[in-house]
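One structure below.
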Amino acid sequence: MPYRSTEILSPGPADVVPLHTIALAHDQRHLRRKLLHLPDDDVVMLDLKEAVMLADGDLLVLDSGDYVRIAATEEALYDIRPRDRQHLIELAWHLGNRHLPAELREDRILIARDPVIRAMLERLGADVSDVTEPFQPMRGAYHGSGGHSHGHGHSHAHG
């Protein structure tokens, strides 16, 4: 039976047992209206008031009162390691200047694999290695505000 969702819980409470989990890559998680296919061939009609960037662990609240958890799929990425914190800032600036989706961590940066960008980063002195893991890039300033509210006062913060 088709489900409908107009609300997101972000982050979703860890103790909720979802009806299903939908795994999506980072570029599939920026949504407003979309039919999402569940593993059992059912569908969820996602119908939000505005586009959001769903994060790993977010919950879609179904009209039935059930939940569907969003999971970030593993993606082919570069793990970029700087020499120090100043170098991390410089590398982040170069990536941002190219408008590349990036996940910034305390000691590293993750980006989608691109051989041209890898060569640039290595010329800049970064240690770049191939990894496969979930990817949660930061929201860009041009994609709206840093947080949204979706019913019931739950915040949807973007990382």
Working carefully through the options LEU54, LEU110, find the one that is under 16 Å from PRO137 (Cβ atoms), at pLDDT 95 or above and touching a strand residue (DSSP E or B) at 6+ places or on another chain (Cβ under 7 Å). LEU110
Residues that are in a strand (DSSP E or B) and under 24 Å from VAL131 (Cα atoms), drawn from the range 51-93: MET53, ILE70, ALA71, ALA72, GLU74, GLU75, ALA76, LEU77, TYR78, ASP79, ILE80, ARG81
Keeping to the range 115-127, report how many residues are without any contact (Cβ under 8 Å) to a residue 24 or more places away in the chain and surrounded by 11 or more Cβ atoms within 10 Å (Cβ to Cβ). 2
Does GLN136 count as of a type in the set (S, T, N, Q) and in a loop (DSSP other than H, G, I, E, B)? yes
Take the range 9-29 and flag every residue that is among the β-branched types (Val, Ile, Thr) and under 14 Å from the mean Cα position of the chain (by Cα). ILE22
Go through the range 92-101 and give me each residue that's under 24 Å from ARG29 (Cα atoms) and at pLDDT 95 or above. ALA92, LEU95
For the range 2-46, give me each residue that is assigned to a loop (DSSP other than H, G, I, E, B), within 24 Å of LEU110 (Cα to Cα) and either of a type outside the set (S, T, N, Q) or in contact with a helix residue (DSSP H, G or I) (Cβ under 8 Å, 6 or more places away or on another chain) (or both). PRO11, GLY12, ALA25, ARG29
Considering only the range 119-133, I want to know if a residue exists there that is of a type in the set (Gly, Ala, Ser), in a loop (DSSP other than H, G, I, E, B) and at pLDDT 95 or above. yes
Residue satisfying all of: in the range 1-10; touching a strand residue (DSSP E or B) at 6+ places or on another chain (Cβ under 8 Å) and at pLDDT below 90; surrounded by the fewest Cβ atoms within 10 Å (Cβ to Cβ) among these: PRO2
Which pairs have Cβ atoms under 6 Å, sit 6 or more apart or on different chains, and link a residue in the range 61-88 that is farther than 15 Å from LEU9 by Cβ to one that is among the β-branched types (Val, Ile, Thr) and part of a strand (DSSP E or B)? GLU74/THR132; ALA76/THR132; LEU77/VAL131; TYR78/ILE111; TYR78/VAL128; ASP79/VAL131; ILE80/ILE109; ILE80/VAL128
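The values are calculated or read from the model by the stated rules, or taken from the named source; none is laboratory data. Note that this is a predicted model, so its numbers are computed, not measured. Note that we place each Cβ from the backbone using ideal geometry, even for glycine, and neighbour counts take in every protein chain shown.
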